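Chemist: Before I ask anything, here is the structure I am working with.
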Amino acid sequence: MPMFDWIFAFAHFFLFLGLLGYAFYSLIIRNYSRGILLLIFLGLYYFVILHKAVKKEVVRKRGGRAPK
């Protein structure tokens, strides 16, 4: 099961980076509404879903206690 967790995490990481790149590409080609909307939703996704887990993992890697 741990191997599946790694594959799942990397797949979502690369999808996140791909969408982030597409959002910036949309801004470069002057499609501001699509680019800004994608950036807003990616930001919300990060802060609502990922931020707490990322902070816990950073604290765990440093050897401290994870915040609750």
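Rule-based calculations on the coordinates, nothing more; no lab input. All of these numbers come straight from a predicted model, not from anything done at the bench. Using ideal geometry, Cβ is built from the backbone for each residue, glycine included, and neighbour counts are taken over all protein chains shown.
Chemist: Is there any pair linking a residue in segment 5-26 that is under 18 Å from Leu50 (Cα atoms) to one that is among the small types (Gly, Ala, Ser) and part of a helix (DSSP H, G or I), with Cβ under 9 Å and at least six apart or on different chains, and which?
Modeler: none
Chemist: Hey, among the residues in segment 27-42 that are in contact with a helix residue (DSSP H, G or I) (Cβ under 7 Å, 6 or more places away or on another chain) and more than 25 Å from Ala53 (Cα to Cα), which one's surrounded by the most Cβ atoms within 10 Å (Cβ to Cβ)?
Modeler: Taking the candidates together, the pick is Gly35.
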